[in-house]
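Structure, as structure tokens:
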Amino acid sequence: MKNAEATVGNLIDHQKVAFISSIDEQGYPNTKAMLPPRKREGIKVFYFTTNTSSMRARQYQDNPKACIYFCDRRFFRGVMLLGSMEVLEDSIYKEMIWREGDTMYYPEGVTDPDYCVLRFTATQGRFYSNFNSENFNII
């Protein structure tokens, strides 16, 4: 892969679903489909919304090891990114990714105590395309 950021970024930007994985109390991976990230910084940092009271938020607080995966079903290719997930409750992050209509999930608005931001920071990735996989580091 000549340009990981361009190739992977393009794949991510065209997906309607992201899969995020956390580690549970017994050490097993837990994977969940999510809406795509609200914001990304290259292919290193991704921002998602979730409920502060969610099982996933609790798992990331206990163990920040995480994985996110994006799959392009049409061309049968995908990318797995490994890294860590932070649970952010600071108003600066909540306001940064808030969208009109989010009150459907968080009725009290951007200050809803059950609204938080998940920030994923990738350290490495694995890209699959054309029946081949390739590892790459993220700087």
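A short reminder: the numbers here are calculations on the coordinates, not readings from a lab. These numbers come from a predicted model, not from an experiment. Using ideal geometry, Cβ is built from the backbone for each residue, glycine included, and neighbour counts are taken over all protein chains shown.
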| task | Confirm whether MET55 is of a type in the set (A, V, I, L, M, F, W, C) and free of Cβ contacts under 8 Å to residues at least 40 places away in the same chain. | result | yes
| task | Can you run down the residue pairs with Cβ atoms below 6 Å, 6 or more apart or on separate chains, where the first is in segment 18-33 and in contact (Cβ under 8 Å) with a residue 24 or more places away in the chain and within 16 Å of THR49 (Cβ to Cβ) and the partner is basic (Lys, Arg) and buried (at least 17 other Cβ atoms within 10 Å of the Cβ)? | result | SER22/ARG56
| Of the residues that make up segment 4-17, is at least one assigned to a strand (DSSP E or B) and closer than 24 Å to PRO107 by Cα? | no
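Which strands (runs of 3 or more DSSP E) does segment 22-139 wholly contain that include 3 or more residues that are among the small types (Gly, Ala, Ser) and buried (at least 16 other Cβ atoms within 10 Å of the Cβ)? Outline the logic, then answer.
On the way: elements: 29-34, 39-41, 45-51, 65-72, 77-88, 115-129, 132-137.
Because the criterion is at least 3 residues that are among the small types (Gly, Ala, Ser) and buried (at least 16 other Cβ atoms within 10 Å of the Cβ), the strands (runs of 3 or more DSSP E) in segment 22-139 that meet it are 115-129.
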